[in-house]
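Here's the structure we're looking at; comments come further down.
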Amino acid sequence: MSKFPEGFLWGGASAANQYEGAWNVDGKGPSIFDAFCAGSATKNREYHTEVKEGYYYPNHEGTDFYHHYKEDIAYMGEMGFKTFRMSIAWSRIFPKGNESEPNELGLQFYDNVFDECAKYGIEPLVTILHYETPLYLANHYNGWYSRELVDFYYHFCEVIFERYKNKVKYWLTFNEINCIAIGNPYMAGACRAIDGKTVDQVTYQAAHHQFLASAKAVKLAHDKYPQFKMGMMLGGLFFYPHTCHPKDMLEFQKMNYQQFYFCDLQCRGYYNNHAKALLKSKGVELVMEDGDEEILRNGTVDFLSFSYYMTINASATTNPELKLAGSGIASPKNPYLTATDWGMEINPEGLRYFLNELYDRYQLPLMIVENGLGAVDVLEEDGSVHDQYRIDYLREHIKVMKQAIEEDGIDLMGYTSWGCIDCISAGTGEMKKRYGYVYVDRDDVGNGTMKRYKKDSFNWYQKVIASNGEDLD
Ligand code: BG6
């Protein structure tokens, strides 16, 4: 049987905004997600400019990692995690985002978390910014559209790198950096369209500032902390051609290039012909300063990480009905795949295709830092949760990872499935869309004890890790 490499980083992933809670505790300021009220994905769910009376904000409590971190990390230790992906809430360290002095209580919290991880031999993998730009920066600077955020972010990095230099080795500069350009510049960039500018102009300018910020952080790490491994994180928007019609093939290529744009900038460090063509086609004129090109070239990442949940069919059709059936994004249904209850089309083989595609393009170590099945779980009276569907989903993806390593020679560093302890959904704000190995007693409107329960997948994943991916039954 094939083997995952020694030291393969098995684990789970989370994000401060969806998991930590304690949104205004110990000096933390609000992030944009703290002002994102509940509602359904399409109705009444909106970002506010301030936290208002009379609304429910699910991320305020998340699933309270802040007060359960010892218990939760013990569960991770029991499963045998080698790594735990988490983010540092910027507004816990700098409540407004632009202060010069950090909040010591915030820094202390992450010291406690990293020390707890160390007890179990768990290597933290830290996302520096996971959809949680401080609300103040959104309101006063229009978020990442303002170039000033590059300096604020850099200072945040200076502080956390120095503080945690002996505790954290693996870093991701931005979560799903490409998601800024898929119709939600606010979630990923904390910026809104402004008068006289197109959404594309604002979005791609904000993305340019994120590229600069990432490159500067990577350069700082490489110069001062050579032990660090710095990664980028691509959101899993991976396209298949809907048919072999020549126009669908071109659409498929175009849609994938729109995502690779972000890898090209962070892994290769420059705006190539595809990037320039994309900007031109969208009528975007980037404002760049002298020295920007050099910053980008000097700050390319050490590894490429990405999320993978589904594939999306790209079609040149203009029939709006055809475009509404597939994986969330306007896309036709793939007739060969089944979908989750939330419409994501499940495609393990697609993971192999894109592992190959990404490795071939960038020749950098890869890491899957999100994958998993969002499903409604039932907590039985005896405290058990039978989530065989999740085991089946994860097993098929892990099998494919193994093939990609063994048969294709892909350099895959690790795998952290999403939401290892249940947390709030980013996309819908729901609690009932669960991904974890550990069930948290909490519902969509804020009821529940926050008590934790192991699901069947807990024991299964424990075996997977103990056998280094050999025992998948
Ligand atoms: C990724 C995000 O897009 O998908 C996570 O990085 C998110 O923050 C995850 O939670 C799953 O999506 P959702 O909408 O089901 O929470």
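The values are calculated or read from the model by the stated rules, or taken from the named source; none is laboratory data. Because the structure is predicted, anything quoted here is derived from the model rather than measured. Cβ placement follows ideal geometry from the backbone for every residue including glycine, while neighbour counts extend to all protein chains displayed. Quick note on the areas: whole protein, heavy atoms, side chains included, nothing else; ligands and nucleic acids left out. Shrake-Rupley method; radii C 1.70, N 1.55, O 1.52, S 1.80 Å.
One table, with the values for the structure above:
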quantity	calculated
Any hit, segment 170-177, residues being of a type in the set (Phe, Trp, Tyr), touching a Lys or Arg at 6+ places or on another chain (Cβ under 6 Å) and assigned to a strand (DSSP E or B)	yes
Output for segment 3-31, where each listed residue is polar (S, T, N, Q) and in contact (Cβ under 8 Å) with a residue 60 or more places away in the chain	SER14, ASN17, GLN18, SER31
Residue count, segment 68-122 (criterion: in contact (Cβ under 8 Å) with a residue 24 or more places away in the chain and either hydrophobic (A, V, I, L, M, F, W, C) or not in a helix (DSSP H, G or I) (or both))	34
Selection count where residues are away from the ligand (no atom under 16 Å from the Cβ), out of contact with any helix residue (DSSP H, G or I) (no Cβ under 7 Å at 6 or more places or on another chain) and of a type in the set (A, V, I, L, M, F, W, C), scope segment 110-139	2
Test: residue in segment 52-66 that is in contact (Cβ under 8 Å) with a residue 60 or more places away in the chain and closer than 27 Å to SER146 by Cβ	yes
Selection from segment 431-444 of residues that are within 14 Å of the ligand (Cβ to nearest atom) and surrounded by fewer than 20 Cβ atoms within 10 Å (Cβ to Cβ)	LYS432, ASP444
Test: residue in segment 234-248 that is open to solvent by 30 Å² or more (accessible area, probe 1.4 Å), assigned to a helix (DSSP H, G or I), free of Cβ contacts under 8 Å to residues at least 40 places away in the same chain and farther than 24 Å from LYS167 by Cβ	yes
Qualifying residue in segment 125-135 (condition: at pLDDT 95 or above and over 18 Å from the mean Cα position of the chain (by Cα))	yes
Subset of segment 80-118 [over 30 Å from SER467 (Cα atoms) and aliphatic (A, V, I, L, M)]	ILE88, ALA89, ILE93, LEU105, LEU107
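Rundown of residues vs (1) within 21 Å of GLY21 (Cβ to Cβ); (2) assigned to a loop (DSSP other than H, G, I, E, B); (3) within 16 Å of the ligand (Cβ to nearest atom), yes/no style:
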| site | (1), (2), (3) |
| --- | --- |
| VAL369 | no, no, yes |
| GLU381 | no, yes, no |
| HIS386 | no, yes, no |
| ILE398 | no, no, no |
| MET413 | no, no, no |
| GLY448 | yes, yes, no |
| LYS463 | no, no, no |
| GLY469 | no, yes, no |
| ASP473 | no, yes, no |
